[in-house]
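One structure is given here, and the rest of the page talks about it.
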Amino acid sequence: EQLIESGGGLVQAGDSLRLSCTASGLRFRAYAMGWFRQTPGKEREFVAVINWNGGVTYYADSVKGRFIISRDNANHTVHLQMNRLKSEDTAVYYCAARPGVWEVEPSSYEDWGQGTQVTVLS
């Protein structure tokens, strides 16, 4: 299995970014997909998750109302639309795949991408 993230970058506070994660080597429709982020010296934290068909989404309180997770099962891709970015959103963002039901704990996920850096300047 392989997950490849893209779309990170350097932006100003208030700007938007769209992250994408393309999966290969797994039955994408059978997997819940999550986005997590990590800053140096801190634990990896949950950001958003979407169930296999996109019918259920769940967000961390810190991003609720600003971020939107979506998926395209035909193209094995999950997106994270990040709006009204804040400096505290600066982190390496990872996508992860989990067969079956969605979870928010990083330890519940076995397949991870390599991460993409998001830097928000205040």
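The values are calculated or read from the model by the stated rules, or taken from the named source; none is laboratory data. Owing to the predicted nature of the structure, the values given are computational and were not obtained by experimental measurement. All Cβ positions, glycine included, derive from the backbone under ideal geometry; neighbour counts span all protein chains shown. Accessible surface areas use protein heavy atoms only, side chains included; no ligands, DNA or RNA. Shrake-Rupley method; radii C 1.70, N 1.55, O 1.52, S 1.80 Å.
Summary of values
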item	result
Subset of region 55-85 [in contact with an Asp or Glu (Cβ under 9 Å, 6 or more places away or on another chain) and either without any contact (Cβ under 8 Å) to a residue 60 or more places away in the chain or within 20 Å of residue 27 (Cα to Cα) (or both)]	60, 62, 63, 66, 67, 78, 79
Selected residue (criterion: farthest from the chain's Cα centre (by Cα)) from residues of region 28-42 that are in contact (Cβ under 8 Å) with a residue 40 or more places away in the chain and open to solvent by 40 Å² or more (accessible area, probe 1.4 Å)	29
Residues of region 80-122 classified as of a type outside the set (D, E, K, R), closer than 11 Å to residue 32 by Cβ and assigned to a loop (DSSP other than H, G, I, E, B), total	5
Tabulated pairs, region 1-13, first under 13 Å from residue 77 (Cα atoms) and among the charged types (D, E, K, R), second open to solvent by 60 Å² or more (accessible area, probe 1.4 Å) and modelled with pLDDT of 95 or more, C-beta under 7 angstrom, 6+ apart or interchain	5/114
Residue match in region 78-95 (condition: farther than 25 Å from residue 11 by Cβ and exposed (fewer than 14 other Cβ atoms within 10 Å of the Cβ))	no
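Quick grid of which residues meet (1) touching a Pro at 6+ places or on another chain (Cβ under 8 Å); (2) in a loop (DSSP other than H, G, I, E, B); (3) not acidic (Asp, Glu):
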position	(1), (2), (3)
29	no, no, yes
40	no, yes, yes
49	no, no, yes
61	no, yes, no
69	no, no, yes
